[in-house]
Every structure is written in structure tokens, then in C-alpha cells.
Amino acid sequence: MADSDDEPITLSSHALAALQEFYGERDAHADKFEKLKAAAEDQHAGAQPLSMDAFTEDWNESQFWYSDETATLLARQLLDGVREDEVVAVVSAPSVFVALKNLLNAADANTLKPKKVYLLEHDQRFSVFPEFVFYDFQQPIKLPAELKGSVDRIICDPPFLSEDCQTKAALTVRWMSRSTPRLIVCTGERMETLVTKLYRSLGAQTTTYEPVHARGLSNEFYCYANFECDAWKFREGGK
């Protein structure tokens, strides 16, 4: 009699269907990613708009993408009034970066664009973009020397709601800043006292705008900035 270990493994029809669905989703995701990679390499204005659909959120990386509306609003405010000699940095907010890329790609020839854009991000999947710079908040200034004191516009969304992460992300922002940058910081409401303290020298205050995440988020989120605009005002009684 043959050993039972040599018997072929059989799956139920339900298990087979689930397995086929898994492989189908994986292949579709890989196809999306390849198309996005090709689009990311196309720097011509009018190219197909980029999308976050190819990047699944990784909760271990504390990834929660903004809704398209929020990402576009934040990107638009970051770029408002930009000059051709200015440098923009997006720190740990890839959905805002993608929205920013779409705005720049769709802009006409008469629209002023920044000299340089950087995406500081831990997730290596975003290295498909030429603007990608690997960033680990645990090593807040282990970054290209060209970034030091050279950035005029910054948005930062520290990945974790901890004092350690928030403090190190703020160190990155201050290290990169040229004078007083146009600054947006998005993070949890419970970080308000710490955030306004960390960025006080740059003039950041709590605003009335509350970012929305594509899949919802249990933690209440605030937007902090050192300027008012048509999208927000400084919150009365803010810290």
C-alpha cells in the first residue's frame, strides 16, 4: 500500500474558487503596478493621470491613503503661488504626491512649476517615481545632502501617532527647511499639543480643515499649517 504522504492533495470546489480568485486579483494588481510604473516614467504633460489603486495600504507601515479629494486639495494648497526656483518635499504622504504629480502634469505651459519635487517615503514600491528618496523617520536626517536647508514647501504626515515619530519627523522638516517654508502637517488630533509645540518656530497652527481618508480612519485627523487659505482658517482656541 502506498504511503498516505504520497497521496495527492485535493481541494474542495470552494477552496479552488477562492484560490483562483486570489491569483486573479494578484495578477490584476501586478498589471496595474506595471502600468503605473510606465506612467511614472512618462514625464510629459497630458500623460494619463496617475492613481493610488496599484498601491495597497500596508497597515504594518501605518499606511492610510487620503481620499482623492483630500489629496488633491492638499497638493493644490502646497503648490499655490509656487515659483520656478522653489523646491517641494512630500514627507510620508504618497497619495498627496500622486495628486501633486497629476496637477503638474495637467498644467498648461504658462503655469509656474517648482524647480524640484521630492517624495520622502519608506515604502520602496514608490521608487518607481524618479522623485523618490528613501526615508526612515528613525534616522531623520539620513538624507541626501542637497536637501539640507533647500526646501521651500513641505507637507508631512508622520506615519505613527507617537511622540518619538512626531519629534523625529519635525526634525526632518526643520533640517530641510529654507528659512520659513510653506508648511502643512497632517496627523492625529491627539497630537495637537505636541505638533504645535514642535512647529511653533515655523508658525504652524491648528486649522479648521480635517483630512478624509479613502477607507476611513478611527483616529480624528487634523491639518496643521502656517498659513490660511480658501480651504481653511486657523481654528479658534487651537493650541
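Some points to look at:
- Close pairs from the range 98-113: first closer than 18 Å to Thr70 by Cβ, partner assigned to a helix (DSSP H, G or I) and not polar (S, T, N, Q), Cβ under 6 Å, at least 6 apart: Ala99/Ala71; Ala99/Ala75; Leu100/Ala75; Leu103/Ala75
- Summed over the range 168-201, residues that are of a type outside the set (Gly, Ala, Ser), assigned to a helix (DSSP H, G or I) and surrounded by fewer than 16 Cβ atoms within 10 Å (Cβ to Cβ) total 7.
- Residue match in the range 55-77 (condition: at pLDDT 95 or above, among the charged types (D, E, K, R), part of a loop (DSSP other than H, G, I, E, B) and within 19 Å of Asp152 (Cα to Cα)): no
- Among residues of the range 200-234, those that are over 21 Å from the mean Cα position of the chain (by Cα) and modelled with pLDDT under 95, counted: 0
- Answer residue from the range 124-167, given it is touching a Ser or Thr at 6+ places or on another chain (Cβ under 8 Å) and at pLDDT below 95 and is surrounded by the most Cβ atoms within 10 Å (Cβ to Cβ) among those: Pro159
- Hits in the range 72-115 (condition: under 20 Å from the mean Cα position of the chain (by Cα) and at positive phi): Ser92
The values are calculated or read from the model by the stated rules, or taken from the named source; none is laboratory data. In this text, all values refer to a predicted model and were calculated from it rather than measured experimentally. Please note: Cβ atoms are built from the backbone with ideal geometry, for glycine as well, and neighbour counts cover all protein chains shown.
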